[in-house]
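The structure under discussion appears below in the form of structure tokens.
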Amino acid sequence: MNRTTLSLIAATTALVAVTGFAAFSAPDTGGQATGTAAPARLPVERTSLLCPAPSTSEVAETTYTSVTPQGTGTGATGSAGTAELNKADAVPATDDTTPADPKKDDPKKDTKDPKKDPKKDTKKPPAPAKPVITLKEPGTPVSETASGGEAPALVGTATGRLAPGWTAQQTTSLSVGGARGLLGMSCTAPDTDFWFPGVSTEASRQDYVHLTNPDDTAAVADIELYGKDGKVGSDEGEGIPVPARSSVPVLLSTLTAKPAAGLTAHVTTRSGRVGAVVGVADEKAGSDWLGASADPAGSLVLPGIPADATDVTLVAYAPGQEDADLKVQLAGAEGTITPAGHETLHVKAGMTASVDLADVTKGEAGSLLLSPSQAGTPTPVVAALRVVRGKGGKQEIGFIPATGPVGARASVADNRAKGSTLSVTAPGAAANVKVTASAGTKGGEPVTKTYTIKAGTTQAITPPVPTGLKGSYALTVETVSGGPVYAARTLALTQDGVDAFTIQTLPDDRGTVLVPKAKEDLSILDAKK
């Protein structure tokens with residue numbers, strides 16, 4: 001695949017309201033005072049997306065799929081462009097991010113002014129990569145493939161009518177080797193703080209944190225690891241430079257001398273912002289991406305455990321100063337139960353706790369619910385699940401981080417005619433949700449269905465398929481009434497007899513944002529008032 005094709009689809013939703021990328025068109029108040037009128041909810045006008053380099057394997061096959069759902073975009077124009085980022089090696093951790101002085105590095109170097117020396121090489125620095133494609137219409141996804149291990153990290157921006165809810169999926173198939181499997185991720189937003197419960201530095205695992213910097217200035221990141229006894233490792237994870245518009249992989253096992261499973265990684269930035277995601281390769285059980293957990297909270301939902309899961313491991317971390325005592329529940333098709341022998345989980349402050357829930361779903365798809373076991377002020381935690389399907393040499397792993405509710409709308413790209421399952425749970429009140437299957441990447445008409453999710457249950461839905469589908473398609477879930485609801489999509493493909501799979505959660509796409517009403521009032525400049 002050529003470079004133009006590789007640059008096709010981007011990845012990570014830098015939600016305008018949160019990252020400062022937003023540009024809004026304030027509502028016309030007609031010059032009238034607004035008083036305490038409620039803010040207007042308007043569509044965002046700019047969205048940023050990122051994806052890390054998908055694989056280093058020469059046998060990797062990667063599909064990029066991007067879509068903007070129909071709905072809230074305004075205006076007649078808009079674009080969704082992408083560009084390649086530099087593919088960088090992991091660099092030594094250091095607090096010194098000052099560029100080296102070329103005069104000191106090479107004292108023999110010619111330092112004449114090039115304007116005074118016409119023979120001196122005056123080549124201009126390379127121009128930044130330009131977007132090479134635009135998503136033409138909301139509701140119609142675009143897809144492209146890449147082969148081998150040279151596919152780079154990507155960055156993109158959507159504007160105008162294509163910005164609200166723009167999402168991208170990166171799906172990679174590895175059919176050979178101990179870490180073979182199906183790796184999928186909904187590309188994430190650049191930010192300054194990420195939690196990854198469930199990482200490992202064991203000899204059988206290779207966990208890389210991919211730090212992707214979309215900006216034109218360098219970023220500096222820190223990575224801390226926490227185990228069952230607190231912080232582990234040395235200061236090797238401090239001050240990691242991430243050059244401008246590049247992606248740096250950091251092998252977690254290099255940050256500590258003692259191998260350990262069931263760790264939590266905390267990624268923060270000292271300057272700039274990055275996209276962060278963990279690539280997990282297990283030589284015995286396959287590979288997948290581990291996305292960041294939702295922000296620390298007293299209650300968490302981890303939706304979409306497959307019905308045929310053979311082993312489920314819960315990893316939780318309490319980042320505050322107080323221990324957390326959690327009630328563990330499983331929301332299944334008929335209601336919410338407490339797993340026998342795992343009714344509660346105690347998580348010490350600053351430490352990671354793990355519990356093997358075995359085949360907790362017992363042949364029935366479900367979602368794990370964590371909540372305070374006692375009344376009082378809840379202690380915030382982060383959490384994720386490691387999910388195994390298959391047994392022996394036919395195992396495959398996937399991950400489910402705690403996630404936020406669907407809210408008004410959430411989407412996931414790259415669904416196939418067969419192999420997609422949508423899990424929706426309503427942990428509190430019953431809810432009605434609308435599920436829309438978009439047009440296909442190569443043809444087909446959208447289809448919409450409405451489902452009722454009973455309180456305290458998880459419904460595993462075989463999603464609707466576009467009429468006359470050609471290619472892949474996107475799914476959009478909207479909360480019609482009741483709720484809140486939480487959702488995840490499982491994509492399953494058979495690879496040489498192995499039930500390969502990957503799971504993506506569907507948090508609110510935040511395609512709209514509240515904008516306070518305001519009017520011009522020069523009286524505030526009157527010092528007498």
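The values are calculated or read from the model by the stated rules, or taken from the named source; none is laboratory data. Note that the coordinates shown come from a computational prediction; the quantities given were computed from them, not determined experimentally. So basically every Cβ, Gly included, is an ideal-geometry build from the backbone, and we count neighbours across all protein chains shown. For the accessible areas, the whole protein counts, side chains as well, though only heavy atoms, and no ligand, DNA or RNA atoms are used. Shrake-Rupley method; radii C 1.70, N 1.55, O 1.52, S 1.80 Å.
Things to note:
- Inspection of region 195-204 identifies at least one residue that is among the aromatic types (F, W, Y) and open to solvent by less than 30 Å² (accessible area, probe 1.4 Å).
- Residue pairs meeting the criteria (Cβ under 7 Å; at least 6 apart or on separate chains; first at positive phi, in region 492-514; second not in a strand (DSSP E or B)): D496/S175; G497/K394; R510/L15; R510/A17
Let's see how each residue does on (1) in contact with a strand residue (DSSP E or B) (Cβ under 6 Å, 6 or more places away or on another chain); (2) among the hydroxyl-bearing types (S, T, Y); (3) over 30 Å from Q169 (Cβ atoms):
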| position | (1), (2), (3) |
| --- | --- |
| K284 | no, no, no |
| G298 | yes, no, yes |
| G304 | yes, no, no |
| A309 | yes, no, no |
| A318 | yes, no, yes |
| D323 | yes, no, yes |
| L326 | yes, no, yes |
| A340 | no, no, yes |
| K348 | no, no, yes |
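- Test: residue in region 254-268 that is of a type in the set (K, R) and within 26 Å of D323 (Cα to Cα): yes
- Residues in region 461-492 that are open to solvent by less than 50 Å² (accessible area, probe 1.4 Å), hydrophobic (A, V, I, L, M, F, W, C) and part of a strand (DSSP E or B): I461, L469, A474, L475, V477, A487, A488, L491, A492.
- Region 493-509, residues that are at pLDDT below 95, open to solvent by 40 Å² or more (accessible area, probe 1.4 Å) and either of a type in the set (S, T, N, Q) or within 16 Å of the chain's Cα centre (by Cα) (or both): T494
- Among residues of region 397-419 that are without any contact (Cβ under 8 Å) to a residue 60 or more places away in the chain and farther than 19 Å from C187 by Cα, those with a Cβ under 9 angstrom from a residue that is among the hydroxyl-bearing types (S, T, Y) and assigned to a strand (DSSP E or B), sequence gap 6+ or separate chain, pair up as A417/Y473.
- Taking first residues from region 233-249 that are under 18 Å from Y208 (Cβ atoms) and partners that are polar (S, T, N, Q) and crowded, with 19+ Cβ neighbours inside 10 Å, the Cβ contacts under 7 Å between residues at least 6 apart in sequence or on separate chains come to V242/N213; P243/N213; S246/N213; S247/T212.
- Hits in region 278-311 - residues which are under 14 Å from the mean Cα position of the chain (by Cα) and among the hydroxyl-bearing types (S, T, Y): S293
- Out of V220, V232, V278, sole residue that is out of contact with any helix residue (DSSP H, G or I) (no Cβ under 6 Å at 6 or more places or on another chain) and open to solvent by less than 10 Å² (accessible area, probe 1.4 Å): V278
- Taking region 135-164 as the range and being in a strand (DSSP E or B), of a type in the set (G, A, S) and crowded, with 24+ Cβ neighbours inside 10 Å as the test, the residues that pass are A146, G156, A158.
- Scanning region 436-457 for residues that are open to solvent by 80 Å² or more (accessible area, probe 1.4 Å) and in a loop (DSSP other than H, G, I, E, B) yields K442, K454.
- Within region 171-188, considering residues that are part of a strand (DSSP E or B) and in contact with a Gly (Cβ under 7 Å, 6 or more places away or on another chain), the one surrounded by the most Cβ atoms within 10 Å (Cβ to Cβ): G181
- Residues in region 251-264 that are open to solvent by 10 Å² or more (accessible area, probe 1.4 Å) and of a type outside the set (S, T, Y) were compared, and the one that is nearest to A218 (Cα to Cα) is L251.
- Tally, over region 189-208, of residues that are more than 16 Å from T256 (Cα to Cα) and either outside any strand (DSSP E or B) or of a type in the set (A, V, I, L, M) (or both): 3
- Scanning region 228-259 for residues that are aliphatic (A, V, I, L, M), part of a loop (DSSP other than H, G, I, E, B) and within 25 Å of the chain's Cα centre (by Cα) returns a single hit, A244.
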